[in-house]
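Beneath this line is the structure, given in structure tokens, with notes to follow.
Nothing in this text is a laboratory measurement; each read-out follows from the coordinates by a stated rule. In this text the structure is predicted, and so the values were computed from the model without any measurement. Note that each Cβ is placed from the backbone with ideal geometry, even for glycine, and that neighbours are counted across all protein chains shown.
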Amino acid sequence: MLTIRCTQKLLKRWPRTVTQGLATTTVLGDWYANILWVEPEVVLFINERSLLCVPVPILPIEDFYERFIEQMASLLHDIGVPGRQIREEMEQMRACQVDPRRACRK
């Protein structure tokens, strides 16, 4: 289970039910997400523990979370994380909750 802490402006665009209360089970822990108003618009995911940053184009919005998981895996591969650990992290990330309680309110 992964917790994503989204800004309010991302929550308005992402058709995802806000849930909260379950502990994150991934090794990397929680991720923060915010929209960057550049061309094309991207969602910037920042990891709470490692400060790894993963930019993902927001469109099409229906699958940008899945694209985030793939790009995060690619980044971990590029920095030398063993494939087994990447696969385990990706599997844990398939279950996701969105919790705005500690996200930036801007």
Checklist entry - Among (i) 13.2, 48; (ii) 21.7, 77; (iii) 13.1, 37, which is the computed Rg and Dmax of the Cα atoms in Å? => result (iii)
Checklist entry - If you count, for each residue, the other Cβ atoms within 10 Å and average over each peptide, how do 48-55, 34-41, 69-76 line up from highest to lowest? => result 69-76, 48-55, 34-41
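So between Glu91 and His77, what do we pick up on full extension, going 0.36 nm a residue minus the alpha carbon distance? Before the final figure, lay out each step's value.
On the way: separation 14, 0.36 × 14 = 5.04 nm, distance 1.53 nm.
Length difference between fully extended and current span is 3.5 nm.
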Item to check | DSSP beta bridge pairing in the chain, given as percent antiparallel to the nearest 5 | outcome: 60
Checklist entry - How far apart, in nm, are two points set 7 Å out from the Cα along the Cα-to-Cβ line at Val18 and at Ile46? => result 2.0
